[in-house]
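Heads up: the structure comes next, in structure tokens.
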Amino acid sequence: MTNIAVIYFSGAGNTHLMAESVAIGAKTITDTKVALLRITGEQIVNGRWKDDVMMATLTSADAIVFGSPTYMGGVAAQFKAFVDAASATWAQQLWKDK
């Protein structure tokens, strides 16, 4: 079984629709399971993103798809908070080759 995680933030809903479309397409591949992981404001406390369950899902996935709308030429602040929180995981190369 191949596990794919799609983690994203969606403000107006457009990125959510794209994440769902990615998941639908991935699920057409035999023996593929997709986890849709939506970043929410509630996961950000004192400017820091934290969700241990999502991080575990990402680390155990075979592939990760990232999604964010762009604001002023960059990713959404909520997505950036997630990326900052994942920096230790990235530095340890726990997502290497995904």
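The values are calculated or read from the model by the stated rules, or taken from the named source; none is laboratory data. Owing to the predicted nature of the structure, the values given are computational and were not obtained by experimental measurement. Heads up, the Cβs are rebuilt from the backbone with ideal geometry, glycines too, and the neighbour counts pull from every protein chain shown. Just the protein is used for accessible areas: all its heavy atoms, side chains included, with ligands, DNA and RNA removed. Shrake-Rupley method; radii C 1.70, N 1.55, O 1.52, S 1.80 Å.
Results for (1) open to solvent by less than 100 Å² (accessible area, probe 1.4 Å); (2) under 22 Å from residue 96 (Cα atoms); (3) outside any loop (DSSP other than H, G, I, E, B), shown as yes or no for each residue.
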| residue | (1), (2), (3) |
| --- | --- |
| 16 | yes, no, yes |
| 25 | yes, no, yes |
| 36 | yes, yes, yes |
| 53 | no, yes, yes |
| 65 | yes, yes, yes |
| 80 | yes, yes, yes |
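Please state which one of 89, 59 is of a type in the set (Ser, Thr, Tyr), in contact (Cβ under 8 Å) with a residue 12 or more places away in the chain and surrounded by 15 or more Cβ atoms within 10 Å (Cβ to Cβ). Before the answer, list the steps.
Values: 89 fails: surrounded by 15 or more Cβ atoms within 10 Å (Cβ to Cβ).
Matching residue, one of 89, 59: 59.
I need every pair where a residue in the range 14-34 that is among the β-branched types (Val, Ile, Thr) has its Cβ under 9 Å from the Cβ of a residue that is open to solvent by 100 Å² or more (accessible area, probe 1.4 Å) and at pLDDT 95 or above, sequence separation at least 6 or different chains.
Cβ pairs passing all conditions: 32/1; 34/24; 34/27.
For the range 38-51: of the residues being of a type outside the set (Val, Ile, Thr) and within 12 Å of the chain's Cα centre (by Cα), which is most open to solvent (accessible area, probe 1.4 Å)?
From the range 38-51, those of a type outside the set (Val, Ile, Thr) are 38, 41-43, 46-51; that's our starting set.
Okay, now just the ones that are also within 12 Å of the chain's Cα centre (by Cα), so 38, 51.
Details: 38: 86, 51: 38 Å².
This residue is 38.
Considering only residues that are of a type outside the set (S, T, N, Q) and in contact with a Phe, Trp or Tyr (Cβ under 6 Å, 6 or more places away or on another chain), look in the range 67-78 and name the one that is surrounded by the fewest Cβ atoms within 10 Å (Cβ to Cβ). If you could, list the steps in order and put the result at the bottom.
Here is the first cut: in the range 67-78, the residues of a type outside the set (S, T, N, Q) are 67, 69, 71-77.
Applying the additional criterion that residues be in contact with a Phe, Trp or Tyr (Cβ under 6 Å, 6 or more places away or on another chain) yields 67, 76.
On the way: 67: 22, 76: 19.
Among residues in the range 67-78 that are of a type outside the set (S, T, N, Q) and in contact with a Phe, Trp or Tyr (Cβ under 6 Å, 6 or more places away or on another chain), the one surrounded by the fewest Cβ atoms within 10 Å (Cβ to Cβ) is 76.
Examine the range 2-11 for a residue that is open to solvent by 70 Å² or more (accessible area, probe 1.4 Å) and more than 19 Å from residue 94 (Cα to Cα), and state whether such a residue exists. Lay out the reasoning, then the answer.
First pass over the range 2-11, keeping only residues open to solvent by 70 Å² or more (accessible area, probe 1.4 Å): none.
No - not one qualifying residue is present in the range 2-11.
Does residue 32 fit the bill of being polar (S, T, N, Q) and surrounded by 12 or more Cβ atoms within 10 Å (Cβ to Cβ)?
Numbers: polar (S, T, N, Q): yes; surrounded by 12 or more Cβ atoms within 10 Å (Cβ to Cβ): yes.
When the stated conditions are applied, residue 32 passes them.
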